[in-house]
Amino acid sequence: MFTILTVLTLFISIMFVVSVASTISALHRESEENKRLHKHHKTF
């Protein structure tokens, strides 16, 4: 029983870390696109 709880906790924490990492990478990608768009608008 204890091992099942440990495995579940590990799985939940890993999923949480993965979701946080994907959110951070998505935000970083959006900021990079925004910078590119601003540079593009400056050329006009």
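The values are calculated or read from the model by the stated rules, or taken from the named source; none is laboratory data. Please read these numbers as outputs of a predicted model, since none were measured by experiment.
Annotations
- The residues on offer are S25, S13, S19, and the sole one that is of a type in the set (G, A, S) and more than 14 Å from the chain's Cα centre (by Cα) is S13.
- Checked across segment 2-9, the condition of being outside any helix (DSSP H, G or I) and at pLDDT below 95 holds for no residue.
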